[in-house]
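Here is the structure we will look at.
The values are calculated or read from the model by the stated rules, or taken from the named source; none is laboratory data. Note that the structure is a prediction, hence the values are computed from the model and not measured. Cβ sites come from the backbone with ideal geometry, for glycine too, and all protein chains shown count toward neighbours. Side chains included, ligands, DNA and RNA excluded: accessible areas come from the protein's heavy atoms. Shrake-Rupley method; radii C 1.70, N 1.55, O 1.52, S 1.80 Å.
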Amino acid sequence: MQAYVEQTSGWDDAEQHITADKEFADLPFAVVEEIALLPDAQGRGIGSHLLRGILRAAQRRGVPVRLSVFVNNPAQALYIRLGFEVVRIENPRMSMRWAPDNA
């Protein structure tokens, strides 16, 4: 969208954040991310690092993070360690939610 904004009024990061916050404040929205690590990359802190970045961004915005994971996936332990709670189990998946401190 930046190219379109620059053509009409010029780009200002701060102003664009204010505008986006106003426009999306009352709208439901979802960001879909899939994080899948190859077995050789698992257990090395990569997933934790990626998720902590997502949680920091959610904390700043005051929004929850939701995810779905297979009930037999050992990544559940990571999610629980990071503060996620199970909200629903519908085999073969479970839904988990993390809420920011101020939510």
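Values computed for the structure shown
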read-out	value
Residue that is modelled with the highest pLDDT [pool: residues in segment 89-101 that are outside any strand (DSSP E or B) and out of contact with any helix residue (DSSP H, G or I) (no Cβ under 8 Å at 6 or more places or on another chain)]	Ala99
Failed item, numbered, when Arg66 is tested on (1) open to solvent by less than 100 Å² (accessible area, probe 1.4 Å); (2) in contact with a Phe, Trp or Tyr (Cβ under 9 Å, 6 or more places away or on another chain); (3) not in a loop (DSSP other than H, G, I, E, B)	(1)
Subset of segment 11-36 (residues that are at pLDDT 70 or above, assigned to a loop (DSSP other than H, G, I, E, B) and open to solvent by 100 Å² or more (accessible area, probe 1.4 Å))	Glu34
Contacts under 7 angstrom Cβ, first residue in segment 44-60 being polar (S, T, N, Q), partner part of a helix (DSSP H, G or I), 6 or more apart	Ser48/Leu78
Hey, Ser48 open to solvent by 30 Å² or more (accessible area, probe 1.4 Å) and among the small types (Gly, Ala, Ser) or not	no
Residue satisfying all of: in segment 70-91; within 30 Å of Asp21 (Cβ to Cβ) and either open to solvent by less than 50 Å² (accessible area, probe 1.4 Å) or basic (Lys, Arg) (or both); farthest from the chain's Cα centre (by Cα) among these	Arg88
